[in-house]
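The numbers here are math on the coordinates, done by the rules we state, and not lab data. As the structure is a computational prediction, the values presented were derived from the model and not from experiment. Because the Cβ atoms are built from the backbone with ideal geometry, glycine has one as well, and the counts that use them run over all protein chains shown.
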């Protein structure tokens, strides 16, 4: 598989959100809300990014008894560079598409 191909629009949307504050840990649910991606699209993209060393993840212990732990994600240094390269020239279009989705 060619690793230099352009990321999908869904992955670009995810990279845009993660690159806004790359050192911050983000919950999967938070990423789903901000990108508008369904879990069947979001989590495979997160797994692919992680498998390529572009994303790191960790578990956050449950805040209260009976609640499950939560998975957190953030870009690695390579992930930040990849996001910048992939997002060059596309950020405005992605934001416009997300704003349009939010008003629908």
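Extending 7 Å from Cα along the Cβ direction at residue 57 and again at residue 33 yields two label points whose distance is 2.0 nm. Given in Å, the Rg to one decimal and the Dmax to the nearest whole number for the Cα atoms of the range 9-103 are 13.6, 46. In this simple spin-label approximation, residue 87 and residue 64 carry label points 7 Å from Cα along the Cα→Cβ vector, and these lie 3.4 nm apart. Under 11 Å from a point placed 7 Å out from the Cα of residue 76 along the Cα-to-Cβ direction: which residues of the range 35-53 have their backbone N that close? Residues 49-53 fall inside that zone.
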